[in-house]
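> One structure, as C-alpha cells, below. Some questions next.
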Amino acid sequence: MDKKKSNNKSKKDNSNSKDLIRLNKFIANSGYCSRREADVLIGAGAVSVDGKIITTLGHKVSGEAIVKIGAQTLKPEKHRYVLLNKPKNIITTCDDPQGRKTVAGLIKNACKERLYPVGRLDRNTTGLLILTNDGEFAKKIMHPSSRMKKLYEVTLSRNIFQKELNTISQGVELEDAFVEVDSIAHSENRKNVVGIEIHSGKYHVVKKIFEKFGYKVTKLDRTKIDILTKKDLPRGRWRFLTETEIRLLKRF
C-alpha cells in the first residue's frame, strides 16, 4: 500500500514539474527585461519567489508563483502576434544605435507589450514580417524543422532564362548549405520578375541563390508566410493575427 502511494505521489510530482518554467523565462514573459538581463538580476539577488530570494540560475517556478524584483510584482504578459507589411529603408530590430527607423517604431502603438521580430528582413527588403512577445512560438517557427514556406517576389537586373529557373528549382548549393527550393516561376509579363517559394530561414538566402547564377536582385518583397498574405495590408501597416491564424501557425 505504501509503495503504491509513493508511486502515485511520484507521478503527481512529475506531472507538476512539466508545468514549471525557468525563472528567467518567467521574468522575460512579464516584459520586464530579456532572459539574459534576468539572469544578471537573479545572480545579484534582486529576485524573490514566494517571498524567498533566489540566486540560482536555472531555478524553475510555476505560473502561479509570486515573483518580485524589488517591490514590483511581475505578471506574465498576454501573448500578442502582429503581422507587418514592412516598407523599404526600415531596420528589422527594436532599437538602432544610429537612430534609423525600425519595425518597432511602426507598431509602437499596437499594444503595451514589447514585441520582437520573428526572423529578419534586411533594410531594403519589403514585405511580411511577424512580431510577437511569444518566444517559444518564434523559436518554433524559425527552427529549420518547421519547414515553414515563404514566398518572395524577386526583381532582377535582367531577364532570367527558363533553363536557369529549372536548375534553381532542383535546389541550390551555397557556400554554407544546400537550399531546397519549393517552387519558382517567371512573372507572366516580365521575365526579370520571379516568384520563389522556400522554407529556408537563412539570412540573404534569396539574394545568394540568384547571385550564384550571375543575377543581381534589385528588389525583394516577401508576399506570403505560410497561410499569411498581404491582402488588405498596405505597405507600412500592421494588424493582429486572428486566433485561427495563430492556431494554424502553431501546428508546426
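> About its Cα centre, what dipole magnitude does the stretch 135-188 give when the only charges are +1 on Lys and Arg Cβ and -1 on Asp and Glu Cβ, stated in debye to the nearest 20? List each step's numbers first, then the result.
On the way: 7 positive and 9 negative charges, 40 e Å.
Around 200 debye, computed over the stretch 135-188.
> Please report, in whole Å³, the volume per residue of the convex hull around the C-alpha atoms of the chain. Don't skip to the end; give the middle numbers.
Details: hull volume 47.9 nm³, N = 252.
In the chain, the Cα convex hull volume per residue is 190 Å³.
> Residue by residue through the stretch 140-149, what is 3J(HN,Hα) from phi via Karplus (6.51 cos²θ - 1.76 cosθ + 1.60, θ = phi - 60°)? Round to whole Hz and write x for glycine and proline.
5, 7, 7, 5, x, 5, 5, 6, 5, 7
> Working out 0.36 nm times the residue gap between A46 and Q162, then minus their Cα-Cα distance, what length gain in nm do you get to one decimal?
Working: separation 116, 0.36 × 116 = 41.76 nm, distance 6.26 nm.
Length gained, A46 through Q162: 35.5 nm.
> To continue, here is another question. If you rank Y32, Y116, Y203 by fewest surrounding Cβ atoms within 10 Å, what's the result? It would help to have the intermediate numbers written out before the result.
Working: Y32 19, Y116 16, Y203 11.
Fewest-to-most ranking of Y32, Y116, Y203: Y203, Y116, Y32.
> Which whole-Hz ³J(HN,Hα) couplings does the stretch 203-209 yield from phi under the Karplus relation 6.51 cos²θ - 1.76 cosθ + 1.60, θ = phi - 60°, glycine and proline marked x?
Taking θ as phi minus 60°, the curve returns 5, 6, 4, 5, 4, 5, 4 Hz for the stretch 203-209.
> Follow-up. By counting other Cβ atoms within 10 Å of each Cβ, how are L115, L220 ranked from fewest to most? Walk me through the numbers before you get to the answer.
Working: L115 24, L220 21.
Lowest to highest Cβ neighbour count: L220, L115.
> Now for a separate question. What does the extension gain come out to for L20 and L233, with contour length at 0.36 nm per residue minus their alpha carbon separation?
Details: separation 213, 0.36 × 213 = 76.68 nm, distance 3.86 nm.
Net length gain for the segment: 72.8 nm.
> In the Gaussian network model of the chain, springs joining C-alpha atoms below 10 Å, which of L84, L128, L20 carries the largest mean-square fluctuation?
Judging by the Gaussian network model, the answer is L20.
> May I pose another question? Using just the helices of the chain, give the 222 nm mean residue ellipticity in deg cm²/dmol: DSSP H runs with n ≥ 4 each add -39,500 (n - 2.57), and the total is spread over all residues, rounded to 500. Walk me through the numbers on the way to the answer.
Working: 8 runs with 67 residues, N = 252.
-7500 deg cm²/dmol, from helical runs alone.
> I've got another one for you. Sort out for me the Cα centre separation of the stretch 137-178 from the stretch 42-74, rounded to whole Å.
The two parts, judged by their Cα centres, are 44 Å apart.
> Same structure, new question: What is the extension gain from I66 to R251, computed as 0.36 nm multiplied by their sequence separation minus the C-alpha to C-alpha distance, in nm to one decimal? Mind dumping the intermediate values first?
Details: separation 185, 0.36 × 185 = 66.60 nm, distance 3.16 nm.
Roughly 63.4 nm would be gained on extension.
> Calculate the dipole size of the chain relative to its Cα centre from +1 charges on Lys and Arg beta carbons and -1 charges on Asp and Glu beta carbons; express the result in debye to the nearest 20. Before the final figure, lay out the partial values.
Values: 51 positive and 29 negative charges, 84 e Å.
Dipole about the Cα centre, nearest 20: 400 debye.
> Report the calculated FRET efficiency for K216 and H143 (r = Cβ-Cβ distance, R0 = 35 Å), to the nearest 0.05. Intermediate results must be reported in sequence, preceding the final value.
Working: r = 31 Å, r/R0 = 0.88.
Here the calculated transfer efficiency is 0.70.
> Using a 10 Å cut-off around each Cβ, can you sort R235, R22 from fewest to most neighbouring Cβ atoms? Please list the in-between numbers first.
Working: R235 13, R22 17.
Exposure proxy ranking, most exposed first: R235, R22.
> Under 20 Å from a label point 7 Å along Cα→Cβ of E136: give me every residue in the stretch 227-244 with its amide N that close.
Residues 241-244 fall inside that zone.
> What order do you get for 204-212, 238-246 when each peptide is scored by the mean count of other beta carbon atoms within 10 Å, highest first? Provide the component values of the computation, followed by the final result.
Details: 204-212: 17.3, 238-246: 13.7.
Descending packing order for the listed peptides: 204-212, 238-246.
Rule-based calculations on the coordinates, nothing more; no lab input. None of these values were measured; they are calculated from a predicted model. Note that each Cβ is placed from the backbone with ideal geometry, even for glycine, and that neighbours are counted across all protein chains shown.
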